[in-house]
Every structure is written in structure tokens, then in C-alpha cells.
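Heads up, the thing below is written out as C-alpha cells.
The values are calculated or read from the model by the stated rules, or taken from the named source; none is laboratory data. The model shown is predicted, which means the values in this text are computed figures rather than measured ones. Note that we place each Cβ from the backbone using ideal geometry, even for glycine, and neighbour counts take in every protein chain shown. Areas reflect the complete protein model, heavy atoms only, side chains present, ligands, DNA and RNA absent. Shrake-Rupley method; radii C 1.70, N 1.55, O 1.52, S 1.80 Å.
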Amino acid sequence: MSTPTTVPYRLEFTVEVPGTPEQVWDAIATGTGMSAWYLPTELEEREGGSVHFTIGEHMGSDGRITGWDPPRRLAFDEDWASLMGVDADALSPLTCEFLVEAQSGGTCVVRVTSSGFGTGTSWESEWWDSVAPAWIPYFDNLRLYLAHFAGQEATRMEVTASHPGDVDAVWSALHDAVGLGEEGSPVEVRGAAGTVERLGDRQALVRLTAPVPGMLDVFVEGHGGAATAGVRAYLFSADAADYVRREEPAWQAWLRELAVPA
């Protein structure tokens, strides 16, 4: 007998971004656009089309497009049960909807809703509590992408390193190693230069200007007594692929050697 799925979870927020509805649509409803500010994405641009988000080296999320009304509305369902590794009857799909509304002055408001139904178990509540802090910062990436790199394809780089101990101690070490100041302040680390665009809870966003223009996410995540420090870059230049091939191992080593107080 299947478990009834009657416990609702819901996340709603809005973000104002620069650009026309068509520019915003290209950023949220194409694989190239989504990959330039979010996760590596494959997306069939039609109702009923498939969507796949690569979450890690051996992990991804598959879904189906349920609403397609360019340039106003995109909706898709993700297979939440498979993503969580539980019985398919236990959880309904994770539903996401993006609504784009043009504003005066050359901007748009994007209204985002994510919802699902589960069994009400504690892990579900804990997972939903973590959704907003993990997901909403990506929409600062979207805003920055549309402001400076709209329509461009990103070359991605992501490296992480695990450190034992307290996540706040690891974040403090990473914060200082990057040289993060207040929002709007300059940053220079490992030959990369830019400006702090967002400074949040164990994460920051830097707009890179040299040697390759782009966006740099700096973050720390906790995992059961250890912490993972990471650097995620979206780079926009003909030289970006060469930069990643040359510098990715050095960024990895730099993270591993991060000096975290005992």
C-alpha cells in the first residue's frame, strides 16, 4: 500500500533582474542559459520536453516540462522520489514554476514557486528548510549574468575540498584567504580580480574582471562533522576554457591547503 502524500511544502520568492522578457526567458528556459548561472542543464524547449540538472559527478535530477509559454511561464516537475532515494509512491514530484513579468525601466520580475507533497517525516522538513538558503543565492547569479553576460555561454569550473571541523571555522578561513570585504569592495586572489557582489551566510559572489570575466561563487557547506569548501566559476571569454584547463588543478590544491584553525 502506498503512503498518502498529503503534507505540502512550498517555497515562493521574487527577484528583479535587468533585461527584456525575451532575454530573461533565454536565461531561464534554455540549457545554455540555465548552465550560465545555475547547474549544468539539459532542456528540451517544449511542453512535455525533458530537463536534466547535473548536481554532482554521479548525481543528477530528471524532470519533465509541464508548462511552456514563452517568454512568460516555465513550469517543470522533477522526480523528487528518485532524487531523495525513496519509494516512488512516497513523494510527489517537486514542482517548479517561473513567471516573468516585464517592468518599466528595462527590468523584469521573476516569480519563483517550488512545491511538493510528502509524508511529513523529519528529513523532509529539514530538506525543505535547506532549500531556500541553497537555492535563492543562485538568483543573484541570474541577476549578475543578465546585467553583464546576457546571451553568452559559460565555461564552468568547480572545485571543492573537505576539511574536518566546524563549518564556521572553515568559512572564516576561506573568507580570509579570498580576501572578502564588504559588498562592493575589490577582491584579488590567485591572480583573479573582481568585486564582491554578495556576501551571505558561508557564501559569497564575486564578479570577475580579470584575467577572465565572469562570476565566482565561494562557499562552505557542512556535512556531518566536516565541511566542504568550494569555488564555482562561470566564465565568459574565448580564453575561458584554456584558463580552466590551466588553473583548475591549482585552485583545487589551494582549497586543500586552506589553513583552518584547529
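Figures for the structure shown
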{"quantity": "Inter-residue pairs, beta-carbon under 9 Å, first closer than 11 Å to Asp26 by Cβ and in the stretch 134-155, second among the acidic types (Asp, Glu) and crowded, with 19+ Cβ neighbours inside 10 Å, 6+ apart", "calculated": "Ala150/Asp26; Gly151/Asp26"}
{"quantity": "Candidates Leu144, Leu94, Leu99, Leu83 - the one that is assigned by the TED database to the domain that holds Gly31, aliphatic (A, V, I, L, M), over 16 Å from the mean Cα position of the chain (by Cα) and within 30 Å of Pro213 (Cα to Cα)", "calculated": "Leu99"}
{"quantity": "Leading residue by the ranking (nearest to Ser61 (Cα to Cα)) among those in the stretch 80-89 that are open to solvent by less than 70 Å² (accessible area, probe 1.4 Å) and assigned to a helix (DSSP H, G or I)", "calculated": "Leu83"}
{"quantity": "Residue match in the stretch 67-79 (condition: in a helix (DSSP H, G or I), open to solvent by 10 Å² or more (accessible area, probe 1.4 Å) and at pLDDT below 95)", "calculated": "no"}
{"quantity": "Near pairs, Cβ below 8 angstrom, 6+ apart or cross-chain, from the stretch 99-113 (open to solvent by less than 80 Å² (accessible area, probe 1.4 Å)) to any residue that is small (Gly, Ala, Ser) and assigned to a strand (DSSP E or B)", "calculated": "Cys108/Ala102"}
{"quantity": "Members of the stretch 188-220 found to be more than 25 Å from Ala132 (Cβ to Cβ) and surrounded by fewer than 20 Cβ atoms within 10 Å (Cβ to Cβ), listed by number", "calculated": "Glu188, Val189, Arg190, Gly191, Ala193, Gly194, Thr195, Thr209, Ala210, Pro211, Pro213"}
{"quantity": "Scan of the stretch 28-61 for residues that are open to solvent by 60 Å² or more (accessible area, probe 1.4 Å) and closer than 27 Å to Val231 by Cβ, ordered by number", "calculated": "Thr32, Glu42, Ile55, Glu57, His58, Met59"}
{"quantity": "Unmet criterion (only one of (1) assigned to a loop (DSSP other than H, G, I, E, B); (2) in contact with a helix residue (DSSP H, G or I) (Cβ under 8 Å, 6 or more places away or on another chain)) for Ala238", "calculated": "(2)"}
